[in-house]
Amino acid sequence: MSLVQTTPPNTDANVDAPMHRPICQLLQRHFQTLRNQHMRDMFADDPHRFERFSLKLGDLLLDYSKNRITSETMQLLVKLAEEADVAGWRDKMFNGVKINNTENRAVLHVALRNRSERPVWVDGVDVMPGIHAVIDKMASFAEQVREGSWLGYSGKRITDVVNIGIGGSDLGPQMVCQALKPYRHPALKVHFISNVDGTHAEETLETLDPETTLFIVASKTFTTQETMTNAFSARAWFLYHAQLECHIARHFVAVSTNAEAVVAFGIDSVHMFEFWDWVGGRYSLWSAIGLSIVIAIGHENFLALLQGAHDMDEHFQHAPLDQNMPVIMALLGVWYNNFFGAESQVILPYDHYLRSLPMYLEQADMESNGKSVDRNGQVVDYATGAIVWGASGINGQHAFYQLIHQGTKLIPADFIVSMQSHSSLQSHQDILVANFLAQTEALMRGRTLAETEASVGHQPYLAQKVFAGNHPSNAFLLKQLTPHALGMLLAAYEHKIFVQGIIWNLNSFDQWGVELGKQLAKQILPELKVDDVVASHDASTNGLINYYHRWRKAS
Ligand code: G6Q
C-alpha cells in the first residue's frame, strides 16, 4: 500500500506538506518490514508490551499495545508529529491565533473549559471574563428551572426541556445528556428535536404539556433552516395553547451568536445565552450550547465535565509527544490511514450510556478532517480523514463484527469501557467486560487452522472458521462514566482530530462541504410549490421533482 492515495497522481499537491517529508519515506520503508508481522508474535516476544504501550491519565487508561507497532514505529510517528510542528500549532490554538484561516477565526473551545486563571486573548481582548459570565448566567437560569422557581405562564413548574437544534447544536448536548443520565434531575425530562421531518417535532410535542415545557432554541447562526422551521412549529404549538405572545418569554430561550435574529423570533435578549464565532458548532457542547446539559445535570456536574476536558487540555499542552494521549491516538490513526490504507475507524462503546458516542464522533471527526483541499488551497495527494462509524459494542458483536473479524478490510477499532457500571447488576457488568476483553483478544490473536482444528475437531469448512487476527484496537478504560471522565474522553478525541488535521495540513475547523447541498435545497424548495414542470436541473433531479409534484397534486 502506498502513501500516495490519489489516482491519477496529483502533480499540483503541496510538496511542503508534512506528508511529503522524508520522514514519511522512512515510515513507508518501516511499514514494508512490519506489514507481515503478526501481533501475536510481538506479544510473545515482549512480555512488557502492555506496560510499554499503555498510558494512564487520571481515571482514564489507554491500552494501545494491540496495535501493529513497535517502539521504532512510535519513534518514527512521533518524529512526523514533530516535523509537522504539532506542538507549534497546538500552542497557536491555545493562544487564540486565527488558525481557522478560511473563516478568519480563532479556535477556542479550549477556552470554554479553561478552569485555570490563565487569560486567553483574541484580538487583544481576554475572552475569559465573558465565558465566566455566560457560565454563571447558565447556572443561575438552570438552577431556577431545576428547583422549580422558574414558572410557566400558568404558574406551574417546568417538567420538560426541549433542545431544538441540529448538527453541532444537537449531537453534543444530546450525547452528553444521555451519557450522564444517572446525574440527571429526577423530575426533569430533556428532549431533542433536530430533524425537519415533521414527525420528529410532532412525536415529541404530543407527549408534552405546553404549560410545563421550556424550549431552548440552540443555533449559532439562528438561520439554520431545519432548526428555525422546528422552532416556529414549536412556537405555533405553544401559542395555540397559551394564546398570548407575552407568554413566550417564560417558555422560549435561545442560545446563539445572533442577537438580532433571536429578538426577531420573539425571544427577549435577556433570555439569550451568548457564545462566540471562535466556537465551532461541533466543538460547542462546552459553551452555552450545553444549556440543556446544565439544566439536566446541574451546574456542579457541568463544571466537572469542563474540568475533565481541561485536565485533558493540560495534558495535551504539556506532556511530551510520545506520552501524549491525543497525539498517540492521532498517530495510530495516521499509521493505518496512510500506510496500511485503512479506510475507516470503528468506535465501540461497552457502556449503554455511551451508545450515541459513535454518532457524535462521526461528526466531530468527519466534518473536521473529511477534506481533500489543504489549508493552503492545494488538493492533497494522500488520504485524509477516515470514515468513522460504530455502535454499542456488545450489540455490534451480534451484527457487524463478522466483517471486522473476517472481512477483507482492515478496520482499526476503539473499544471504550467503563469498569464500574451505574447499574447495580454486577453480574451483567462482568459479562460485558468479559466480552470486550474477548473481542480485543480475538481480533489481535485470531485463530490459526491448527488451533481451529484442535478446538472444533476435524470437520468440514474449517477454513471458514479460521481467524487471521492481527486486527488493531485501542482500549479506553474509564473507572466510571462520570462527568469528569466524559470530559477527558471527549477532549482527547477532539485533540486527536486536531493533531491529524495538522499532519494532513488541513484546516479542521471549517466545513465548506456542507454548504452546496444547503444552497441547492433553498433553490429547490420554491420549485416544489409551483405548478409548472421543472426543467432547470439535470434530467434525474428534474424527473424526481416532477414526480414529487405529480404526487403532491394527486394527494
Ligand atoms: C458543526 C457544523 C454544523 C452546525 C449546524 C447547526 O460544526 O457547523 O453541524 O453546528 O449546521 O448550525 P447552527 O448552530 O448555526 O444552527
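The values are calculated or read from the model by the stated rules, or taken from the named source; none is laboratory data. Since this is a predicted model, take the numbers as computed values, not measurements. Using ideal geometry, Cβ is built from the backbone for each residue, glycine included, and neighbour counts are taken over all protein chains shown.
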Subset tally (residues that are within 16 Å of the ligand (Cβ to nearest atom) and polar (S, T, N, Q)) for the range 283-322:
3
Regarding the range 172-190, can at least one residue be identified that is surrounded by 18 or more Cβ atoms within 10 Å (Cβ to Cβ), aliphatic (A, V, I, L, M), more than 13 Å from the ligand (Cβ to nearest atom) and over 28 Å from residue 491 (Cα atoms)?
no
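Among the residues of the range 184-194, is any part of a loop (DSSP other than H, G, I, E, B), in contact (Cβ under 8 Å) with a residue 60 or more places away in the chain and closer than 22 Å to residue 110 by Cα?
So far as the range 184-194 goes, no, none of its residues is part of a loop (DSSP other than H, G, I, E, B), in contact (Cβ under 8 Å) with a residue 60 or more places away in the chain and closer than 22 Å to residue 110 by Cα.
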Output the residues belonging to the range 332-362 that are within 16 Å of the ligand (Cβ to nearest atom), in a helix (DSSP H, G or I) and surrounded by fewer than 20 Cβ atoms within 10 Å (Cβ to Cβ).
359, 362
Across the range 440-474, what is the total count of residues that are assigned to a helix (DSSP H, G or I) and closer than 13 Å to residue 406 by Cα?
7
Among the residues of the range 160-171, which ones are among the aliphatic types (A, V, I, L, M) and within 9 Å of the ligand (Cβ to nearest atom)?
166, 171
Anything in the range 426-461 that is at pLDDT 95 or above, over 28 Å from residue 412 (Cβ atoms) and among the hydrophobic types (A, V, I, L, M, F, W, C)? List them, or say none.
454
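Just a yes or no: is a residue in the range 375-387 of a type outside the set (Gly, Ala, Ser), out of contact with any helix residue (DSSP H, G or I) (no Cβ under 8 Å at 6 or more places or on another chain) and surrounded by 18 or more Cβ atoms within 10 Å (Cβ to Cβ)?
Scanning the range 375-387 turns up at least one residue that is of a type outside the set (Gly, Ala, Ser), out of contact with any helix residue (DSSP H, G or I) (no Cβ under 8 Å at 6 or more places or on another chain) and surrounded by 18 or more Cβ atoms within 10 Å (Cβ to Cβ).
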Consider only pairs whose beta carbons are under 6 Å apart and that are at least six residues apart or on different chains; among these, list those whose first residue lies in the range 205-227 and is at negative phi and whose second residue is outside any loop (DSSP other than H, G, I, E, B) and near the ligand (Cβ under 9 Å from one of its atoms).
218/169; 218/255; 218/289; 219/169; 219/227; 219/256; 220/281
Determine if the range 512-519 includes at least one residue that is farther than 30 Å from residue 338 by Cβ and surrounded by fewer than 15 Cβ atoms within 10 Å (Cβ to Cβ).
yes
Of the residues in the range 506-545 that are within 35 Å of the chain's Cα centre (by Cα) and hydroxyl-bearing (Ser, Thr, Tyr), the one that is nearest to residue 109 (Cα to Cα) is 508
Checking residue 481 against (1) within 30 Å of residue 101 (Cα to Cα); (2) in contact (Cβ under 8 Å) with a residue 24 or more places away in the chain, only one condition comes out false. Which one?
(1)
Could you tell me whether residue 365 is outside any helix (DSSP H, G or I) and of a type in the set (Asp, Glu)?
no
Could you go through the range 488-502 and let me know if any residue there is away from the ligand (no atom under 16 Å from the Cβ), polar (S, T, N, Q) and either in contact with a Leu (Cβ under 7 Å, 6 or more places away or on another chain) or within 30 Å of residue 381 (Cα to Cα) (or both).
yes
Anything in the range 384-408 that is within 20 Å of the chain's Cα centre (by Cα) and away from the ligand (no atom under 16 Å from the Cβ)? List them, or say none.
384, 386, 387, 389, 390, 391, 392, 393, 396
Would you pick out the residues in the range 264-282 that are of a type in the set (D, E, K, R) and within 16 Å of the ligand (Cβ to nearest atom)?
274, 277, 282
